[in-house]
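Student: The structure that follows is given in the form of structure tokens.
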Amino acid sequence: MRLEDERESSNVEDRRGARGVGGTGRRIGIGTVAIALIAMLMGADPSTVISLLTGGGQGAPQSVQQSAQQSTPVDDEASRFVRRVLAKTEDTWGAIFKASGAQYREPTLVLFSGATRTACGVGETAMGPFYCPADEKVYIDLAFNRELATRFGAPGEFAQAYVIAHEVGHHVQNLLGIAAKVQEVRSRASARDANALSVRLELQADCFAGVWARTADEMKAFLDRGDVDQALRAAAAIGDDRLQQQSGGRVVPDSFTHGSSEQRKRWFSRGFETGSVKACDTFSSRTL
């Protein structure tokens, strides 16, 4: 990736080192957290994971009490990389929305360590990156990047960029009203059907990440040879089947919430190859 000369987004909130999480907020809705199994594998408190994965509609943003004390933001290369990637998503999705006669509302990206409060509840490092529709913020503990490289075997800057782009993809779904419609249907569905809807939502976010990469590179070339392969390795690494195998259990497709490794790779590739939002209609597709 070539981002050294790119601008840095100002929509980044650095809570690393903050103390005093406390309190409760709204719970995280459909499609807003990384696979629950990641949390179990990485040691999260199961009760916290369950509370974040159950209930919770997608309403308007609400104010949230911040941590009691917050350290001075750290201006390090890791945070600068995140700012540049986020800026790249802002410019790209801004152009895509403008081309369709709409205006893109930029999300905020929150860097945290350990745990932090959100409008969707308490977020923990072990949950992996997630998007909260209630406050329109993406939450990331940069420790996840080390886990992605060492534990899940998906190193590289573009693998990290793919993760951010996927979560921004959920923001796009939120702006387009897709997430709210899926949540409404899912609330009346059986557990099996609710999981199936979740998979389609997540695969669409993967596809949107591919659309972003293709469109951003066409606007201004920034990809190097091998970058897309990094994204595909990351997508495969966090497929439901791969995670279930790593946990020592059997693969249960009906329990999938994000899609298999092959499905995640396929839909990112579709977005990248077409560069078309319309090509990302996972809900009308007979096969995933």
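Student: What tally of residues in the range 81-109 results from selecting those that are β-branched (Val, Ile, Thr), farther than 25 Å from ARG2 by Cβ and either buried (at least 24 other Cβ atoms within 10 Å of the Cβ) or without any contact (Cβ under 8 Å) to a residue 60 or more places away in the chain (or both)?
Tutor: Residues in the range 81-109 being β-branched (Val, Ile, Thr), farther than 25 Å from ARG2 by Cβ and either buried (at least 24 other Cβ atoms within 10 Å of the Cβ) or without any contact (Cβ under 8 Å) to a residue 60 or more places away in the chain (or both): 0 in total.
Student: Can you find a residue that is among the charged types (D, E, K, R), at pLDDT 90 or above, over 16 Å from ALA159 (Cβ atoms) and over 21 Å from the mean Cα position of the chain (by Cα) anywhere in the range 242-261?
Tutor: no
Results for (1) in contact (Cβ under 8 Å) with a residue 40 or more places away in the chain; (2) surrounded by 19 or more Cβ atoms within 10 Å (Cβ to Cβ); (3) part of a loop (DSSP other than H, G, I, E, B), shown as yes or no for each residue.
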| position | (1), (2), (3) |
| --- | --- |
| GLY153 | yes, no, yes |
| ALA165 | yes, yes, no |
| GLU184 | no, no, no |
| ARG192 | yes, no, no |
| SER198 | yes, yes, no |
| ALA221 | yes, no, yes |
| LEU232 | no, yes, no |
| GLN244 | yes, yes, no |
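Student: Looking at the range 71-108, which of its residues are assigned to a helix (DSSP H, G or I), at pLDDT below 95 and acidic (Asp, Glu)?
Tutor: Passing the criteria: only GLU77.
Student: I'd like the full set of residues that are buried (at least 16 other Cβ atoms within 10 Å of the Cβ) and either free of Cβ contacts under 8 Å to residues at least 40 places away in the same chain or at positive phi (or both), limited to the range 267-288.
Tutor: The answer is GLY275, and nothing else.
Student: Of everything in the range 1-24, what is at pLDDT 90 or above and charged (D, E, K, R)? Give them in sequence order.
Tutor: ARG2, GLU6, ARG7, GLU8, GLU13, ASP14, ARG15, ARG16
Student: Here are some conditions: (1) surrounded by 24 or more Cβ atoms within 10 Å (Cβ to Cβ); (2) modelled with pLDDT under 95. GLN160 meets all but one. Which one does it not meet?
Tutor: (2)
Student: Checking GLY169 against (1) buried (at least 19 other Cβ atoms within 10 Å of the Cβ); (2) in contact (Cβ under 8 Å) with a residue 60 or more places away in the chain, only one condition comes out false. Which one?
Tutor: If we test GLY169 against (1) buried (at least 19 other Cβ atoms within 10 Å of the Cβ); (2) in contact (Cβ under 8 Å) with a residue 60 or more places away in the chain, just (2) comes out false.
Student: For the range 117-168: of the residues being more than 11 Å from the chain's Cα centre (by Cα) and among the hydroxyl-bearing types (Ser, Thr, Tyr), which is farthest from SER10 (Cα to Cα)?
Tutor: THR150
Student: Restricting attention to the range 137-189, report how many residues are of a type in the set (D, E, K, R) and within 23 Å of PHE283 (Cα to Cα).
Tutor: Counting residues in the range 137-189 that are of a type in the set (D, E, K, R) and within 23 Å of PHE283 (Cα to Cα) gives 5.
Student: Which of the residues belonging to the range 246-259 are crowded, with 21+ Cβ neighbours inside 10 Å and of a type in the set (Gly, Ala, Ser)?
Tutor: Selection gives GLY259 alone.
Student: Please verify whether the range 200-214 includes one or more residues that are at pLDDT 95 or above, over 15 Å from the mean Cα position of the chain (by Cα) and either among the β-branched types (Val, Ile, Thr) or not in a helix (DSSP H, G or I) (or both).
Tutor: No, there is no match, as no residue in the range 200-214 is at pLDDT 95 or above, over 15 Å from the mean Cα position of the chain (by Cα) and either among the β-branched types (Val, Ile, Thr) or not in a helix (DSSP H, G or I) (or both).
Student: May I pose another question? Select from the range 137-146 the residues that are crowded, with 18+ Cβ neighbours inside 10 Å and not in a strand (DSSP E or B) and list them in ascending order.
Tutor: Initial filter on the range 137-146 (crowded, with 18+ Cβ neighbours inside 10 Å): 137-142, 144-145.
Those that are crowded, with 18+ Cβ neighbours inside 10 Å and not in a strand (DSSP E or B): ASP141, LEU142, PHE144, ASN145.
The values are calculated or read from the model by the stated rules, or taken from the named source; none is laboratory data. From a predicted model like this one, the values you see are computed outputs, not experimental measurements. So basically every Cβ, Gly included, is an ideal-geometry build from the backbone, and we count neighbours across all protein chains shown.
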